[in-house]
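The values are calculated or read from the model by the stated rules, or taken from the named source; none is laboratory data. These figures come from a predicted structure and were not determined experimentally. Glycine gets a Cβ as well: all are built from the backbone with ideal geometry, and neighbour counts include every protein chain shown. For the accessible areas, the whole protein counts, side chains as well, though only heavy atoms, and no ligand, DNA or RNA atoms are used. Shrake-Rupley method; radii C 1.70, N 1.55, O 1.52, S 1.80 Å.
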Amino acid sequence: MDALKGFDIDAPRWDQSTFMGRLKHFFNITDCRTALLPDSRLDEAKVLVESCRAGSIPPGTTEEQLHYAKKLYDSAFHPDTGDRMNLIGRMSFQVPGGMAITGFMLQFYRTVPAVVFWQWVNQSFNALVNYTNRNAASPITPKQIGVAYVTATSTALATAVGLNLYTKKAPPLVARWVPFAAVAAANCVNIPMMRQQEILSGIAVTDEDGNKLGHSRKAAVKGITQVVISRVTMAAPGMIILPIIMQRLEKYRFMQKITFLHGPLQVMMVGVFLIFMVPAACSLFPQRCSMAVTKLEPELRESIISQYGDRVSYVYFNKGL
């Protein structure tokens, strides 16, 4: 017990300033096994984390138990609100959810009805993930959520159907890449639209110690841009490399005899990609994003300088996932 006195449960277990440190962190909290745990177990973890923050660690608690409780807390509770996130929207659900949807998008790409259905399923999934992992300090109205969902879904469908028709006479491999083009285009719309309030009103920024300094639209744009890049990167290897693999495998006679297994096979292979790509893509940029004061809006920059002079050179904010 004495050894844990003063234990800072919010201190990063790994160096968040390096890619490898962030990779270890996200491998930890995107562990899909945590998605199987009941809410009661997650709530127990939250109670332990909050007790530790208050300086009251239950007798007999080990350091490993604290680390595991923080892992569950980070995987299931929103960093801004502390509320438990819905299961489907958690990053720990990205592997099972993403592998199923992406696998079937890659398998059923030939007909327009199939393309429409699976792109709609994917964008519904993405909309929920984007809403769940937004910066919750900037609320969004139900109307804005609806507009974002419809816009992103329409973009994905238009891209997928348009390219599907355009590539009818193209080499088969090109047609297999249409789902990725649609996903990438939709992400460029879905995420900014779902988090439009941050762009319109600005995102809360703080100093290094967490003291609020104001709201910045430029910081919101930077954070959302990084999230878009991360999401496209997350999907890219599986949706670009896997079609090449399937194109070659389908030439073999044994594969032609088990066409009914092609869908499940692609689902499993997408899962292999996502196990590594979900944490890797989340690790591309620090979640606690920073921005130089000199790059902020003039009015916010002047306000910070007038209050703090040159003591504050960078502001910090949660970019979301």
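Out of 174, 129, which single residue is within 30 Å of residue 269 (Cβ to Cβ), open to solvent by less than 10 Å² (accessible area, probe 1.4 Å) and assigned to a helix (DSSP H, G or I)?
129
Within 18 Å of the chain's Cα centre (by Cα) and open to solvent by 70 Å² or more (accessible area, probe 1.4 Å): which single residue out of 278, 272, 232, 227 fits that description?
272
Sort through 199, 145 and tell me the only one that's of a type in the set (A, V, I, L, M) and touching a residue at least 40 places away in the same chain (Cβ under 8 Å).
When all the criteria are applied, what remains is 145.
Evaluate the following for residue 205: is it of a type in the set (Val, Ile, Thr), open to solvent by less than 10 Å² (accessible area, probe 1.4 Å) and not in a helix (DSSP H, G or I)?
Here the answer is yes, as residue 205 does meet what is asked.
Listed here are the residues, each with its yes/no results for (1) in a helix (DSSP H, G or I); (2) touching a residue at least 12 places away in the same chain (Cβ under 8 Å); (3) open to solvent by less than 60 Å² (accessible area, probe 1.4 Å); (4) basic (Lys, Arg).
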residue: 49; (1), (2), (3), (4): yes, yes, yes, no
residue: 56; (1), (2), (3), (4): no, no, no, no
residue: 66; (1), (2), (3), (4): yes, yes, yes, no
residue: 70; (1), (2), (3), (4): yes, yes, yes, yes
residue: 73; (1), (2), (3), (4): yes, yes, yes, no
residue: 79; (1), (2), (3), (4): no, yes, no, no
residue: 88; (1), (2), (3), (4): yes, yes, no, no
residue: 92; (1), (2), (3), (4): yes, yes, yes, no
residue: 97; (1), (2), (3), (4): yes, yes, yes, no
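So residue 313 clears everything in (1) in contact with a strand residue (DSSP E or B) (Cβ under 9 Å, 6 or more places away or on another chain); (2) modelled with pLDDT of 90 or more except one condition, right? Which one?
Of (1) in contact with a strand residue (DSSP E or B) (Cβ under 9 Å, 6 or more places away or on another chain); (2) modelled with pLDDT of 90 or more, only one is false for residue 313: (2).
Given the condition at pLDDT 80 or above and either buried (at least 20 other Cβ atoms within 10 Å of the Cβ) or assigned to a loop (DSSP other than H, G, I, E, B) (or both), answer yes or no: does some residue in region 132-146 qualify?
yes
Considering only region 245-263, state which residues are within 34 Å of the chain's Cα centre (by Cα), at pLDDT 85 or above and open to solvent by 60 Å² or more (accessible area, probe 1.4 Å).
245, 248
Looking at the structure I just gave you, is residue 150 assigned to a helix (DSSP H, G or I) and loosely packed, with under 15 Cβ neighbours inside 10 Å?
Considered against the rule, which asks whether it is assigned to a helix (DSSP H, G or I) and loosely packed, with under 15 Cβ neighbours inside 10 Å, residue 150 comes out as yes.
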